[in-house]
């Protein structure tokens, strides 16, 4: 049976004990990098949202998946070293410490993109209203 979680706390508490600490650490890294972002569950995963979703993260059998969207992966792909990654995600193994500095930089990159989009949308909306 799959349980749909409505909060990040619920998601973390439902995971195996040995994974909960890493998930909580991931949450804190993101929260520190984007303190005004809203915590949400999106696509069944913990996520942080500004104007739009900045990043997602989730537990898997052998890793923590981190999903900074395609632009976040593209911008940082040269820094992933031995981590497995794909077009929209990077995998951090459960038996290794989380790369705090890299995650922080990725979140801040996504936050800057988000602010840029919000400003652009507001500017476009204001121009349409003035016509």
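Bear in mind these aren't lab numbers, they're just calculated from the coordinates by the rules spelled out. For clarity, every value in this text was computed on a predicted model and none was experimentally measured.
General remarks:
- Its relative contact order, with pairs defined as Cα atoms under 8 Å and 6+ residues apart, puts the chain at 21 percent.
- The convex hull drawn around the Cα atoms of the chain, when projected onto a plane and averaged over every direction, covers 9.3 nm².
- Its relative contact order, with pairs defined as Cα atoms under 8 Å and 6+ residues apart, puts region 57-115 at 33 percent.
- For the chain, the longest principal axis of the alpha carbon atoms and the long axis of helix 17-33 meet at an angle near 20°.
- Largest GNM mean-square fluctuation across 54, 22, 120, computed for the chain with C-alpha springs under 10 Å, falls on 120.
- Between 0 and 90°, nearest 10: helix 100-130 axis offset from the chain longest Cα axis: 20 degrees
- Highest-MSF residue in the chain out of 67, 43, 51 [GNM, Cα springs under 10 Å]: 43
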